[in-house]
1. Of everything in the stretch A:47-73 that's within 10 Å of another protein chain (Cβ to nearest Cβ) and either out of contact with any helix residue (DSSP H, G or I) (no Cβ under 9 Å at 6 or more places or on another chain) or surrounded by fewer than 20 Cβ atoms within 10 Å (Cβ to Cβ) (or both), which residue is nearest to B:LYS12 (Cα to Cα)?
2. Looking at this structure, is B:THR35 farther than 30 Å from A:LYS140 by Cα and among the hydroxyl-bearing types (Ser, Thr, Tyr)?
3. Select from the stretch B:95-116 the residues that are outside any strand (DSSP E or B) and buried (at least 18 other Cβ atoms within 10 Å of the Cβ) and list them in ascending order.
4. Within the stretch B:159-169, how many residues turn out to be within 14 Å of chain A (Cβ to nearest Cβ) and in a strand (DSSP E or B)?
5. Being more than 15 Å from the chain's Cα centre (by Cα) and more than 18 Å from B:ASN90 (Cα to Cα) is true for just one of B:GLY62, B:GLY29. Which residue is that?
6. Of the conditions (1) within 11 Å of chain B (Cβ to nearest Cβ); (2) in a helix (DSSP H, G or I), A:ARG148 clears all except one; give me its number.
7. Hey, A:GLU144 hits all of (1) under 23 Å from B:THR8 (Cβ atoms); (2) charged (D, E, K, R); (3) modelled with pLDDT under 95 but one; which does it fall short on?
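The values are calculated or read from the model by the stated rules, or taken from the named source; none is laboratory data. What you see is a predicted model, and the numbers here were worked out from it, not measured in a lab. Note: ideal-geometry Cβ built from the backbone for every residue, glycine included; neighbour counts use all protein chains shown.
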Number of protein chains: 2
Amino acid sequence: MAVLNQPTSVRKLAAILSADIAAYSALMGADEEGTVRKLREVREAVLPIIEKFGGRIIDLAGDGILAEFPSAVRAVESATAVQRCMAELNAQREPAMLFRIGVNAGDVIHEGERLYGDGINVAARLQAIAEPGCICISNKVHEEVRDRVALAFTDMGDQQLKNIARPVPAFSTSAHESTSESKEAWLKAKKPDFQRR
Amino acid sequence: MAVLNQPTSVRKLAAILSADIAAYSALMGADEEGTVRKLREVREAVLPIIEKFGGRIIDLAGDGILAEFPSAVRAVESATAVQRCMAELNAQREPAMLFRIGVNAGDVIHEGERLYGDGINVAARLQAIAEPGCICISNKVHEEVRDRVALAFTDMGDQQLKNIARPVPAFSTSAHESTSESKEAWLKAKKPDFQRR
């Protein structure tokens, strides 16, 4: 019977979380050993949070974390929990570090442990435009979480992301009051270059 | 550490396909035995197609099929293959049967084999507004498939679906030329009530 051919690749809907430490190079320049020590602490605290919400770590390169979640709701809850955890870590020990976090959802291709697709690139681009300490999500994620997660989102409008053909409507949230306080303190203490990359 | 509590339910992104035979009651009224026999043939042909594209049958009630897919792309490919298969079956034997198919994607809750959530209801509502022989998809599905599936979609605009709070932007596609031909033949032969349910 003339039906469509059997699919040759495995696809699935997934939520992708991309996190990166703001002004990481500047922090390394100012205090290499302190920054590496803190980064180790951050990872020890943050990776279990991601896993608790069902996330799977795809990549850990430098200061970045890339993770996939079966659920967009759980990915955003996890991102919020990560930002809260960072606020606590920053209150405890220098140097203060702030994550930019991007979350996207999409139909991706997976081959064994590896994921491929536009959806992953968009997550990384959303992360790059997030304010330090905040979470930037695509409209796709927003549609899934707006009635399910108790967070206020600010509409950022259509974003023209680098190497992404279509504009992506994006939304931003600051994860927690304490994150904002920690950001204030950090901005005062460090005055690093916050220009968007 | 004060992070968000561990999730108590399991959520995941899934594509939901809802299919229903148009004017099934009228067909049963006109030829009970022939309709039941054809329905059995339809199921025997169609269910393996759904499974071939990674779909899992959630429910088979009366003339309806409800299935979940890990991928929105595969769900739409499967829906297209189902419509093509139906066109072939209709060419072979009376009574002609046409599926209305709705496909949606969403963050759903699953408990064992069962799925819950708004995303499932929306799929069923999209199916109800689909033209016989056609596939009606939500904007969420459209965003995932528009660059990945070689089908032409017609923008149906915002649809106010029964018991769904927000309007759902929807798109329609006729699966195959032969489906349209078969629809023509069917309309000519049967003249059943095609009013939307």
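1. Among those that are within 10 Å of another protein chain (Cβ to nearest Cβ) and either out of contact with any helix residue (DSSP H, G or I) (no Cβ under 9 Å at 6 or more places or on another chain) or surrounded by fewer than 20 Cβ atoms within 10 Å (Cβ to Cβ) (or both), it is A:PRO70.
2. yes
3. Scanning the stretch B:95-116 gives B:PRO95, B:ALA96, B:MET97, B:LEU98.
4. Qualifying residue count for the region: 2.
5. Answer to the selection: B:GLY29.
6. A:ARG148 satisfies all of (1) within 11 Å of chain B (Cβ to nearest Cβ); (2) in a helix (DSSP H, G or I) except (2).
7. (3)
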